[in-house]
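The next block holds one structure in the form of structure tokens; read it before the comments.
Values in this text are rule-based calculations from the coordinates and carry no lab data. Note that this is a predicted model, so its numbers are computed, not measured. Counting neighbours? That spans all protein chains shown, and the Cβs are built from the backbone with ideal geometry, glycine included.
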Number of protein chains: 2
Amino acid sequence: MQDQQTNESFIVQYKNHLKAGDLTGCLAVLQELQPFDIAVLFVSLEPKQQPQLLRMLDTRLLADMMQELTPTAQYDAFRLLGRNRTTEVMDRMDNDDLALFLDSLTEEDRNRFLADMDAEESENVQRLMNYPPETAGRIMTNRYVWIPLYYSVKEAVGKIREFAEISETLSYLYVIDEAKKLIGVVSYRDLILADATDQIADIMYTRVISVTVDTDQEEVATIMRRYDFLALPVVDESQVLSGIVTVDDIMDVIVHEANEDIHKLSGGAKGIDFDTKPGTAAIRRLPWLVLLLFIGLVSGTIISRFEDTLNQIVALAFFMPMIAGMTGNTGTQSLAVVVRGLISREMDRQEIFRLVKREFTVGLLIGLTCGVLVTIIAYVWQGSLTLGLVVGVSLLLTLILGTLAGTVIPLLLNKLKIDPAIASGPLITTLNDVLSLLIYFGIATAFLSYLL
Amino acid sequence: MQDQQTNESFIVQYKNHLKAGDLTGCLAVLQELQPFDIAVLFVSLEPKQQPQLLRMLDTRLLADMMQELTPTAQYDAFRLLGRNRTTEVMDRMDNDDLALFLDSLTEEDRNRFLADMDAEESENVQRLMNYPPETAGRIMTNRYVWIPLYYSVKEAVGKIREFAEISETLSYLYVIDEAKKLIGVVSYRDLILADATDQIADIMYTRVISVTVDTDQEEVATIMRRYDFLALPVVDESQVLSGIVTVDDIMDVIVHEANEDIHKLSGGAKGIDFDTKPGTAAIRRLPWLVLLLFIGLVSGTIISRFEDTLNQIVALAFFMPMIAGMTGNTGTQSLAVVVRGLISREMDRQEIFRLVKREFTVGLLIGLTCGVLVTIIAYVWQGSLTLGLVVGVSLLLTLILGTLAGTVIPLLLNKLKIDPAIASGPLITTLNDVLSLLIYFGIATAFLSYLL
């Protein structure tokens, strides 16, 4: 691929031209770059070299580059641009990206930026910022091409041409009626295959697949993946076309949602990344940990209830961490299969039953294998077949139970319309700890006379 | 959105028309459907109603619908189509989807299907199947539009028109030289904004961002996300254009890779989903579990070395699960942050240092909070301040250590070019178990005289 190395080579090239005072050379480098690369170059320059670069970019490229910068770098870049060009660039940016930038500012700065903008653009971006986070309304853009129903193919092609420069996608044309309601869609492919004199009304799809402004972004992603769309129209409660969501934003949504699932599954808090301050990260993680601490102490009270048993056979304590750990691990394995599986399918009663049965069988097979193994090890190590059998049978039972807990709990949460990823790994692990200790000491106490 | 309900309503509509013998009505329903919906409809029909549906679809729609079916359903559908139409449809399918289908067959069936195909198409799909799994070569398609360097814009538009029906994306035109080497790219947007008489050579980008056939699909996804591309060209080792990867396949790659990370992090095996047979699932999960079983027994031997301590203060056992569990949990939390963070950035030495320092501080803060809390609880519960302090200080130390292990181990693996997700939650948890028990019993033994 044209990778890091090429990235670095264009930066070196640009800087060499700059050092030689060869602005034409600099411009030649810029002309071959993608917005992302220009952003990388911009950030790599000395502060005093940055204004020069900004002056060489036209408004469109500047707007595209801005979208690739972090909010802090955007802020710096806007300050270098000066008020007039800032306004031009902001009017040109996709309003979903702009909303993200404005969200990162203090209220005072935000109002100042908004006041400078074109009234219509400013209103658009403010409307966007009013939608709840992680909804279609928040990630949609208003840079698309719409046409009225009475257009011919020729007129539609003319409109595409006119809006080519500002629209985010050229793959679909959305057809609306007098009330701005979405009534059809024409793909660019259909347009190319039609005759110039054909009427849009005759070639459009009338069953438009759309989402509403408050549709969850994860659902938007599922629909786009299902239909392999490059963009999806967003309507309000009265079917009025409000914007479109494009596939590049959806790729980011998919990554973001996967990260969120992973953090939930690992019991980590949302919103912790490499840049989060330690205090904030600690406060976000603590609630879960304190809860788990108390559940952990429940394990302690269980052991304390079996104090007599433990006092008589201290060797029982040697196998405690292994049994609790293994039960937690099988639970987490099942959990991961269920949580991710639920993302791609709806489950009916029959499928749930089939899955639970499958996981039960898996637990049984794993339990038998590990149970026999540990019976032998315990017998060889401690010289007591009874102890070996107590440990082995306990492990068999707890592994079956652990697997079932990891399967049934997320399915149950899903049925109750609670996000199953909330049944995080640590929760399942800790619950399984408690269960496994009850079983282990229960069996041990029952066979106590044989163990002594 | 036009969701499940609409899905079901079109199925009902179609079946009603079918019952009434109204084929025109059936056809009208079909005309408004997307390939995915037709696939849903096809699967929902009785076997004897299926051939009728297939007869009503043209080759193109059939090929698109096939791509939405599972391999088993594809096989059934092809059998219903008969040999001639099967060949037509296979020649028309994207060769990445076709390769997936052929991969699912027995060798005998595969050879039979391949023999029936058009010689060139058959060769194409076989070449694709020879690339290693999860590489760009395996997921690329040959349905794209390429043009020679000497074309004018008008000629290019003509070629798009000619290939509109079969090409997977119309967003980019790839420019190649006489040796079929990729030398430029023109976006459809540029084409629309250019004059008909402009030369392609003048308006194309010559710095084409491309990947090679053996680029890992995860890297392809990163590049597409970075540049917001809708398709990415794939070249062989001599820069000859071999195919393109489209964004719809990349969305699936992103989901697939996230699922893989989750399974690795949860210590589950790759390739287990709702349809995996219990025996297979058990065999895939067992290796990890057996390894963890042995590590778990190491915890046991540690406890056995402190048998005397434990014998004297059985209450120490009550806090064992809590300490081991908490250490595992904080480790998993740090792990999740690091593993997913590494996906979106390269880390230099300075950033690594900053991250480790951050996690150390987080561990310290969490350790202090939980340590104080558990000291008080242990004191109130067991009536011994010394025991409380032993438990509290142990927890403080193990939490700091757990956090660091969850941070440093994946970073180290990443440095060694090993996938950090392999340092799965269960591994970190089990390692942290061992460490925490050593610390806990070490401190307890040191203060034994005060504890008695």
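Summary of computed values
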item	result
Inter-part distance where region B:19-93 and region B:374-452 are each reduced to a Cα centre, Å	60
³J(HN,Hα) computed for each position of region A:297-305 - Karplus, 6.51 cos²θ - 1.76 cosθ + 1.60, integer Hz, glycine/proline x	5, 4, 4, x, 5, 4, 4, 5, 5
Computed magnitude of the charge dipole of the protein assembly as shown (debye, nearest 20; Cβ of K, R +1, Cβ of D, E -1)	3240
Computed FRET value (nearest 0.05) for B:E88 with A:D202, which takes r as the C-beta separation and R₀ as 30 Å	0.60
Rounded to the nearest 20 debye, dipole of chain A from Cβ charges on Lys, Arg, Asp, Glu	1780
Using a 7 Å Cα-to-Cβ projection, B:R60 label spacings across copies, nm, ascending	2.9
In nm, spacing of pseudo-spin labels at B:D58 and A:D195 (7 Å Cα→C-beta vector)	1.6
Relative contact order of region A:285-451, pairs being alpha-carbon contacts under 8 Å that are 6 or more residues apart, as %	38
Exposed GluC sites (Glu not before Pro) absent: longest stretch of chain B, with sites in DSSP loops and at most 14 other Cβ within 10 Å deemed exposed	B:33-164
Label distances, nm, B:I166 versus same residue in remaining copies, Cβ-directed 7 Å point	3.9
Label-point gap, in nm, between A:Y150 and B:S9 - each point 7 angstrom along Cα→Cβ	2.9
5 angstrom amide H check on A:S242, placed H, neighbours 5+ away	A:V234, A:V235, A:D236
Full-extension gain in nm, A:I376 to A:E162, via 0.36 nm per residue minus C-alpha separation	69.2 nm
Of B:F441, A:V89, A:L128, farthest towards positive along the dipole that unit charges on Lys, Arg, Asp, Glu beta carbons give the protein assembly as shown	B:F441
Centre separation in Å (Cα based) which lies between region A:277-295 and region A:200-226	40
Amide proton proximity set for B:S152, modelled H, under 5 Å, gap of 5+	B:I200
Neighbouring partner chain Cβ atoms per residue of A:310-319, average, 10 Å criterion	5
Cα-based reach from B:K357 at 19 Å (exclusive), listing lysines while leaving out same-chain residues under 8 positions away	A:K277, B:K415
Point-to-point label distance, A:E351-A:V298, nm (Cα→Cβ direction, 7 Å offset)	3.1
Long-range HN-HN contacts of A:F274 with modeled amide H, under 5 Å	none
Across the identical copies, how the A:D236 labels are spaced - nm, sorted shortest first, 7 Å along Cα→Cβ	5.6
Lys, Arg +1 and Asp, Glu -1 on Cβ, resulting dipole of region A:146-263 about Cα centre, debye, nearest 20	580
Dipole-positive endmost among B:V255, B:Y188, B:S167 within region B:146-263 (Cβ charges, Cα centre)	B:Y188
Residue-by-residue Karplus 3J(HN,Hα) for region B:434-443, coefficients 6.51, -1.76, 1.60, Hz, glycine and proline x	4, 4, 5, 5, 4, 5, 4, 6, x, 4
Helical mean residue ellipticity (222 nm; -39500 (n - 2.57) per DSSP H run of 4+; nearest 500) of chain A	-22000 deg cm²/dmol
Note, ³J(HN,Hα) from phi for region A:325-331, Karplus 6.51, -1.76, 1.60, rounded to Hz, x at Gly and Pro	x, 4, 4, x, 5, 5, x
